[in-house]
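Nothing in this text is a laboratory measurement; each read-out follows from the coordinates by a stated rule. From a predicted model like this one, the values you see are computed outputs, not experimental measurements. Here the Cβ is made from the backbone with ideal geometry for all residues, glycine too, and neighbour counts use every protein chain on show.
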Amino acid sequence: MVKAIVEIDEKANRVLNIIKAKHGLKDKSQAINLMAQQFEEHLLEPELRPEFIESLKASKNEKTIKVSDFTKKYSK
């Protein structure tokens, strides 16, 4: 766990208080953590998400299909 002293403006403070109240959180640290989690889920590129990396690792062990002529096999 990392501890940090941060300075935020009054508007950011109000937003954190709203998030804290809306989600029944104990303190602003939990509100900041929730905001960071939501930021990650909605704004980061899929290749940066830990779930995406885990899915790639899982697919690495899947059985593959060998195709000698891709165009012949998959074109209509």
Lys and Arg at +1, Asp and Glu at -1: add these up for the other residues within a Cβ distance under 14 Å of ARG14 and post the number. +2
Each residue of the range 24-32 in turn: what ³J(HN,Hα) in whole Hz from Karplus with 6.51, -1.76, 1.60 and θ = phi - 60°, glycine and Pro shown as x? x, 7, 7, 8, 6, 4, 5, 5, 5
If the only charges are +1 at each Lys and Arg Cβ and -1 at each Asp and Glu Cβ, what is the size of the charge dipole of the chain around the Cα centre, to the nearest 20 debye? 420
Exposed GluC sites (Glu not before Pro) absent: longest stretch of the chain, with sites in DSSP loops and at most 10 other Cβ within 10 Å deemed exposed: 8-61
FRET efficiency for ILE18 and LEU56, using Cβ-Cβ distance with R0 set to 35 Å, rounded to 0.05: 0.45
Computed helical MRE - 222 nm, the chain, DSSP H runs ≥ 4 contributing -39500 (n - 2.57), nearest 500: -18000 deg cm²/dmol
All other residues with a Cβ under 13 Å from the Cβ of GLN37 taken together, and with Lys, Arg as +1 and Asp, Glu as -1, what is their net charge? -2
Can you return the aspartates and glutamates within cross-link range of LYS57? Criterion is Cα-Cα under 17 Å, with same-chain partners fewer than 8 residues away left out. GLU47
Largest-first principal axis extents, alpha carbons of the chain, Å: 63, 29, 23
